[in-house]
1. Does residue 547 count as aromatic (Phe, Trp, Tyr) and either touching a Leu at 6+ places or on another chain (Cβ under 9 Å) or without any contact (Cβ under 8 Å) to a residue 12 or more places away in the chain (or both)?
2. Mind checking whether some residue in segment 63-70 is out of contact with any Leu (no Cβ under 6 Å at 6 or more places or on another chain), part of a loop (DSSP other than H, G, I, E, B) and not assigned by TED's automatic domain parsing to the domain that holds residue 155?
3. Output the residue which, of all residues in segment 94-132 that are among the small types (Gly, Ala, Ser) and modelled with pLDDT under 80, is farthest from the chain's Cα centre (by Cα).
4. Of the residues that make up segment 405-415, is at least one within 25 Å of the chain's Cα centre (by Cα) and of a type in the set (Asp, Glu)?
5. Going by the conditions given, is residue 356 without any contact (Cβ under 8 Å) to a residue 12 or more places away in the chain, over 24 Å from residue 411 (Cα atoms) and not small (Gly, Ala, Ser)?
6. For residue 523, which of the numbered conditions (1) of a type in the set (A, V, I, L, M); (2) exposed (fewer than 15 other Cβ atoms within 10 Å of the Cβ); (3) under 27 Å from residue 624 (Cα atoms) fails to hold?
7. Where in segment 421-504 are there strands (runs of 3 or more DSSP E), lying fully within it, with 1 or more residues that are polar (S, T, N, Q) and surrounded by fewer than 19 Cβ atoms within 10 Å (Cβ to Cβ)?
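The values are calculated or read from the model by the stated rules, or taken from the named source; none is laboratory data. No experiment lies behind these values; they were computed from the predicted model shown. Glycine gets a Cβ as well: all are built from the backbone with ideal geometry, and neighbour counts include every protein chain shown.
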Amino acid sequence: MTSSPFLSMLVPQIRGTLAYSDRIVLPQTVLEQLLSEAGGESLPSPLTFRLFNPQTNAFTHCGVREFSAPESTVLISPQIASTLGISEKQLHNEDALARPVVQISPCNLPKGTFVSLCPLDANYLTIDDNWKALLESALQASYTTLTEGQTFSIVNPATQEIITLLVKNLQPENAVCIVETDLTVDITAMSEDHARKSLANRDAKRVQANGTVATITKDTPVDGTFTDLTQTFLFELKTWDRSLPLTVKLEVLDAVDSANRDIDARAADVFASIDEHPSKDYFLWSTQSEEKTIISIGPSNSFLAKSEKLSLAVGSCVVPLSFILTVSQAAEITGLESKQEVPPDSRQCPNCRQYFPPRTFQLHSAYCERNNLVCPHPNCGRIFRRQDGIPHSHWHCDLDSFSCDSVSTKLKHISTHHTSQTCTCGESFPSQQHLAHHRATVCPQKLHICRFCHLRLAQESSPDSQSDLLAGYTGHESRCGTRTTECQRCNRIVRLRDLDSHMQLHELQRVSAPLPRICANELCVRVIDDDPAAAVSNTLSLCSSCFGPLYSPMHDPTGARLKARIERRYFIQLTAGCKRKLCTNAACASGRANSNLQKLASGDVGALVKELTQGGKLEFCVDEGMTRRRRLVNWIADDNEFARPWICKAVSEVEVATEGDDMARSEASARSWLAENGVRISETR
C-alpha cells in the first residue's frame, strides 16, 4: 500500500464510550484513492494508518471506523488528539483554517504477539473482579493498534470507571495490529510502591463489600444481626434436590427501633440470584418483589436449572435488627390444598372475618365488636385493639394494595416500588424492582461467563439473529462465536459456535461406524480394511502377510490346490516350527516347545493337520511384532468394554513397544484411540 500522506483537518467529534478508541472516521475520497492505488487488488484487513503532527513531532497509529467524514476532515477521539499534542483550544478554534493539520499515511503493521502494560491508576485491581477479561473485551471492541510508549484508556461498562494503561513493551515491533491475533498480555506495576498500593486498595474494597460469603444448607437456619444500614449478609446454597421446589424464608425477630416502636416484619429482605452477590439493585427473586417474607422457586425454573449454586443476600432498612434465614424443600402444594379450609356449619364474624362454630359465634361476635377495630380500607382488613385505635404509623399505599405499620417500611416501599430508576446502560424503569431484574437478566452491561472465550465479560445487547436468540447466545457470544478454531479430530477449521454440533457429528459418525474386519488367522490382529491387497487377493479373509505364503498364480477353480498348500504349511509348522522365541502356537513345533507341550509323533502330525484343515480355523504363525500386538489386544479385551475388532483397529493405529514401561505407554495410547474412535459394546445394544 502507498505510504504517501493525506492532509486533513482535525475535528474530534467521537464522544461517549467511543472517545476511548483508536478508530478514526475518514472521508469517502480517501477510500477511493486507496482502491485506485491498489490497482484492483484487495485492500489489507484491517486498514491501519500512521498519524503524524508536524507541529509537535508526535505520532500514533490507528484503525478506521468508517469512511463518512466531511471532505478534508478526519474525525478522531480526544484520546488520539491528546497523544498528538493537540489541545482542546486548537480543536475548537473558530477559524477552521487555523486548526492543526496532521499527516495521515496508510501503513502495514505486523500482528502483535506480546504486549506489556502498566496501569497508571493504583485502583485498577478494584475496577472489576476479573479486570483482565474486561481489558480483553475493551481491546477487541475499540482498538485496532497499539504503539509503544503511548497510553490508552478503557471503560468499565458496569460502573463507567476509566482505567488508563501505558504500553511499556511490544513484540515483534514497536507498533502492532491487535486484530485477529493471539496476543500475550503481561500486566506489571509502575513500581513496587504502586503494586503495594493497588493490593491495599483491592483489599479495602473487599472489606467494604462485607467480605465473607457463608454456606447455607437445607433445613439448617442461620441467623444474623444488623448493626449498620450498609451491612449485607451473603450466603450460598450449593446442593439441593433439583426435583423439588426451593423455599427461602426470612423471619425478623421481635425488636423495636430507636423510637421504641415495633419493627415491621418486612423491614428486612432477602435477595436471590444465580450470580455472585445479589443486592437490592441486582436480583432474580426477592421478598421485596411480593412484599412477603418467603421466596418460592419451582424446580422447572429456567434460571435455577442451569445454575450450580443459589446466592442469597439479606439487607435491612432499620437497625438494630435480628433475623433467621431458612432454606427448605417439600413437595409442591396444589392450589386447593393451599386454601384455608372452612369448617362445616361455621359462621363468619362480620367484624374480623374469621370463622367460628355456632356454639361460640354469639360470644365471639359480641366480644369482637366491643374490643376490636377493623381498618376500613378495602384492601387492608387489619385488626387493632379498639382502645388503642388505628396507629398513625399504619399506612396504605395509594398506588397499590400495600400497607404497613412502620415509617421505615413505608419509605422502603415508596423507594423500591414507586420511584423511577435509570440503569447505567441508559434505560429507564418505573421502579427498583424492574431495574434489579433488568440488571440481572438482559442488561447489556451484565457480566457473564462467555461459553466461547470463557472470560467474564459484559453480555452486550441481544443478538439480531433469531437463530442466535433461540440458541440462547448473548450479544457478546454471538460475536465471539464467529471466531474460528481447529478441530482436534479432523483438523478442519470451524467456527466456535459450530464446534459443539461439529463434535456431535463426529460422535454420530463414531457410533455408526461399521465393525472393522480383521484377519481370519487366529494369531493375527491385522485389520483387513487397512490392507487394500487383502481385499482382492484371497477368499479366506486373510491379510496379505498371512496369505502371502499360500499365494499361487495358477488357476484353481475348485480350491483343491489352495487346500493342499494349507496342509503343506501346517505340516511344515508342526515338524520344523517357526523358530520364534515368542511363539505359543499349539499348531507349531516351536510354539509347543515354548509352551512346554508334548512333541508330536510323526503319525500324530498327519492327524492334526487333517483336523486343522477341516476345522475352519486358521492358525498360522506370525512374527514377534504381531505376537506382541496380539498380547496387547488380549489385555485390553479382558475389560469387555470394546469388541475385539475395535481393539485390533486401535492397536494397529499405535506403535507397540517391546516390553516394560514402553508397553504400558502403548496400551495407554491404544485406550486413548478407543475412547475417541471406538464403539463400546454398550453402545451397540
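1. When the stated conditions are applied, residue 547 passes them.
2. Scanning segment 63-70, I find at least one residue that is out of contact with any Leu (no Cβ under 6 Å at 6 or more places or on another chain), part of a loop (DSSP other than H, G, I, E, B) and not assigned by TED's automatic domain parsing to the domain that holds residue 155, so the answer is yes.
3. Once the filter is applied, the top-ranked residue is 98.
4. The answer is no, given that none of the residues of segment 405-415 is within 25 Å of the chain's Cα centre (by Cα) and of a type in the set (Asp, Glu).
5. So residue 356 passes the test.
6. (2)
7. Correct list: 484-486.
Residues checked against (1) part of a helix (DSSP H, G or I); (2) surrounded by 17 or more Cβ atoms within 10 Å (Cβ to Cβ); (3) touching a helix residue (DSSP H, G or I) at 6+ places or on another chain (Cβ under 8 Å):
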| residue | (1), (2), (3) |
| --- | --- |
| 580 | no, yes, yes |
| 583 | no, yes, yes |
| 586 | no, no, yes |
| 596 | no, no, no |
| 599 | no, no, yes |
| 604 | yes, no, no |
| 612 | yes, yes, yes |
| 621 | no, yes, yes |
| 625 | yes, no, no |
